[in-house]
Each structure stands twice: as C-alpha cells, then as structure tokens.
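Read the structure below first, then the notes.
The values are calculated or read from the model by the stated rules, or taken from the named source; none is laboratory data. As the structure is a computational prediction, the values presented were derived from the model and not from experiment. All Cβ positions, even for glycine, are placed from backbone atoms using ideal geometry, and neighbour counts span all protein chains on display. Ligands, DNA and RNA are stripped out before the accessible areas are found, and what is left, the full protein with its side chains, is counted by its heavy atoms. Shrake-Rupley method; radii C 1.70, N 1.55, O 1.52, S 1.80 Å.
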Amino acid sequence: WCSASSLSATLRRGFFSRLVNTLIFAEHEEGLVKNSSVRAIEAAGAISKENSISVLLAGTGPDLEKAASHAASAHPLVSQVLVADSDMFLHPVAETCAELVKLVHQMGSYSYIIAASNSFGKNLIPRAAALLDVSPITDVIEVPEPRIFVRPIYAGNALCTVKYTGTDPCMLTIRSTSFPLSTLESRTEASPISQVDISTLKEAALGRSRWLSLTSQDTERPDLGNARIVVTGGRGLKSAENFKLLDKLANKLGAAVGATRAAVDGGFVPNELQVGQTGKVVAPELYLAFGVSGAIQHLAGMRDSKVIVAVNKDADAPVFQVADYGLVADLFQVLPELLEKLPEK
Ligand code: FAD
C-alpha cells in the first residue's frame, strides 16, 4: 500500500525523471540523411543529453531503406528510426508530411518535434503545429535550457530569448548552421528501424497540394546551403553575363554561387541563389563577396561564415565591417586576375 501523498510523490518523481522524448523529421537525399537534419539531432542533444530521439523518414524505395540505415547509425543519441514508406512520399510535400507528423505524435506523445529551418522545415512545422494546436518556435540558434530558446529577430540584429510555456509537443525549427556536428563517436550498434502504420492517412486528409514536377539546374557544384566555399555577387556585377565570371571562379574553387536580392531582382541569377533574411542562411568556411554593399538583410544570411572576404570599390561599404579581409578595388579588374592566377580544377 502506499499513501495518497507518497503515490503522488512517486508519480511526480516518475514524471520529472521521464526521459525527454523527441521526434526529428529528417530529410534525405540519395540514400543519406541530409546534414541539416543530422544537425537537428544535435539540437535535440542540446535540449537534454537524456534525450531519447526518434528519427522520422518519409519516402519510398531503396533510397528510403538506405537513408533509414544511415539514420540508424548517424548519431549516438538516436534510439529509433521510424519509416513511413509509401508512394505518397515519393516526392514529399509539406501538407502530407504534416499529417504524418500528427499521426506519429499521436502514437508516440513526444515532448519535442524538430526539423531543420530550411524551405521544407519552415513549410512543414507550422502546418504540423496547427494540426496539433501548439505554437511553434522557429529559427532556434541556441538552447540555454530545456524550453528556453534563442532566435534572431530584426534580420539577425537582435537575439530574442523565448520560453515555451505551451503543452507538448514543443515544436521547433532549428538553424542548422548554429548546431555544428559533434565529434561524438557514431553508434557502433545501429538503432532499430520500424515501419509507421500509415493506413489511417487517407487520401482525403492529404490536402489539396500535389507534387507535379521538379525543375533544377544540372550542376556539379555543391549545394549552396552545405558548401564549404560560397562566391557571392551583388548588384555591382551589373548583368547576368558578368555573373559568368563568378561561375568560373566557383568552378575553380569547387564553390557554390550565391547572390544578393538586388542581383536576383535585377534578373542576373535565379531566386534560389539568394542569400539573406529572405533567402538562404549559409555559414561556409569561406565567403567571397563581390560588389555586395552589405545590407543588414544580406548579412543576416552570411555573417556566421568563418572567413569573409569582400571586394568593393567603395571603401565605406558596410560589408567591410563584417569582412575578415577587404579589398577596395574594381571587381572587374580583380576577378579576371584571380581567375588567371588560380589553377584549373
Ligand atoms: P547594392 O546595395 O546596390 O550594392 C552594390 C555594391 O556594389 C555597392 O556597394 C557598390 O559600391 C559595389 N560596386 C558597384 N560596382 C562595383 C565594381 N565595379 N567593383 C566593386 N564593387 C562595385 N538582400 C539580400 O541580399 N538578401 C535578402 O535576403 C534580402 N532580404 C530583404 C528583405 C527585406 C524585407 C528588405 C526590405 C530587403 C531585403 N534585401 C535583401 C535587400 C537589401 O536591403 C539590399 O537592398 C540588397 O542586399 C543590396 O544588394 P547589393 O549589395 O547587391 O546591392
């Protein structure tokens, strides 16, 4: 027998010592979990080292199988991999995946649900949060305490510390550039992989969005979000034709090409190359900026780069305030010279 007070104390103790239970929605490509999703696992580790992490993968076919095996040994904190295998996830769309996240949460009652803060995660998490009737916290860059998060506001000019006081699950998107891959040994023993029963996900529940086609440029260059070197051009490049100089430089350096919004609006390059507040957030080892003034909205997307090099003919350009190396010069002289001096790849 146990008295009412000792029973409630036992329950309370049980409640507080309960393992933190986190679901990571992981994206994958060509049989591998994307780096940004592995960093979401790191963020879960920052919430609690006692975190029991389930990784959810949606897809179909051999690539999904390979990605599941990768996820099972990708990180020592992963305790299980959940696989939703269906044709409806051949090309996952956020609406369908939000229903999946809701279903998986109903089965597992997670304390946290996390995805990377990229175009997919930013589309998915608010939808899934609405379905689960909780308020998500986006763009998390630091976790000082469980349920307390730091996120940038005003284009990264201020940091806001927020406390989550809502009910479970606490849903987050995390800025992967802020959670570097740890040096923890990867698992020697792979964690178990289980299939999610998605039979209750009816067609009707899948919303009105359908995947139609994918248009992407055929390029051997690294993805802008993951590249070690990024070569960015601004309005100073003046035309799409001149941007080809940056393409050549990127080819020689094995770099990705980025652009400012002014360069995108000017039609020099497509929208997906935009870096900044309303574009991609990058943090490469080397960021080379040519003809970029350094507006705060642009800096918001690249100021975490390890080494920043700027070439601008205006010595007062704000970009020099964040640059590690600055060259006041005409880019149309510098770029051909650089191209000539760099060896062919
Ligand atoms: P400019 O500011 O015109 O600078 C061009 C620079 O090139 C100048 O400094 C000039 O000295 C230099 N230059 C010119 N010719 C040469 C030469 N021959 N050699 C060397 N240097 C030369 N911007 C982004 O980039 N990303 C965003 O995500 C983004 N989001 C935004 C969101 C909002 C809500 C708003 C209001 C704005 C946003 N912007 C964004 C726009 C941003 O405010 C700036 O307008 C933009 O970044 C400027 O781009 P730029 O540096 O290419 O052009």
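Brief remarks follow.
To keep it simple, each residue is scored yes or no on (1) in contact with an Asp or Glu (Cβ under 9 Å, 6 or more places away or on another chain); (2) within 17 Å of I24 (Cβ to Cβ).
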{"site": "L100", "(1), (2)": "no, yes"}
{"site": "N123", "(1), (2)": "yes, yes"}
{"site": "A128", "(1), (2)": "yes, yes"}
{"site": "S135", "(1), (2)": "no, no"}
{"site": "V140", "(1), (2)": "no, yes"}
{"site": "P146", "(1), (2)": "no, yes"}
{"site": "N157", "(1), (2)": "no, no"}
{"site": "M171", "(1), (2)": "no, yes"}
{"site": "R175", "(1), (2)": "yes, yes"}
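- Selection count where residues are open to solvent by 10 Å² or more (accessible area, probe 1.4 Å), under 20 Å from Q106 (Cα atoms) and β-branched (V, I, T), scope the range 20-45: 1
- Only residues that are within 18 Å of the chain's Cα centre (by Cα), of a type in the set (A, V, I, L, M) and assigned to a loop (DSSP other than H, G, I, E, B) were counted across the range 128-147, and they come to 1.
- Residue list for the range 182-210, restricted to those being modelled with pLDDT of 75 or more, closer than 21 Å to K66 by Cβ and open to solvent by less than 100 Å² (accessible area, probe 1.4 Å): A190, S191, P192, I193, S194, V196, I198
- Selection of the range 287-307 for residues being in contact with a Leu (Cβ under 8 Å, 6 or more places away or on another chain) and on the phi < 0 side of the Ramachandran plot yields L288, F290, S305, K306, V307.
- If you go through the range 64-109 and keep only what is open to solvent by 10 Å² or more (accessible area, probe 1.4 Å) and of a type in the set (G, A, S), you end up with S69, S73, A74, S79, S86, G108, S109.
- Checked against (1) of a type outside the set (A, V, I, L, M, F, W, C); (2) over 22 Å from E337 (Cα atoms); (3) assigned to a helix (DSSP H, G or I), R210 meets all criteria but (3).
- Scanning the range 134-181 for residues that are of a type in the set (D, E, K, R) and either open to solvent by less than 30 Å² (accessible area, probe 1.4 Å) or in contact with a Lys or Arg (Cβ under 9 Å, 6 or more places away or on another chain) (or both) yields D139, E142, E145, R147, R151, K163, R175.
- Meets criteria (in contact with a Pro (Cβ under 6 Å, 6 or more places away or on another chain) and not aromatic (F, W, Y)) for P144: no
- Checking T200, T232, T219 one by one, the residue that is hydroxyl-bearing (S, T, Y), in a loop (DSSP other than H, G, I, E, B) and in contact (Cβ under 8 Å) with a residue 60 or more places away in the chain is T200 and no other.
- The range 148-181 - residue that is assigned to a loop (DSSP other than H, G, I, E, B) and within 14 Å of A46 (Cβ to Cβ) and, of those, modelled with the lowest pLDDT: L181
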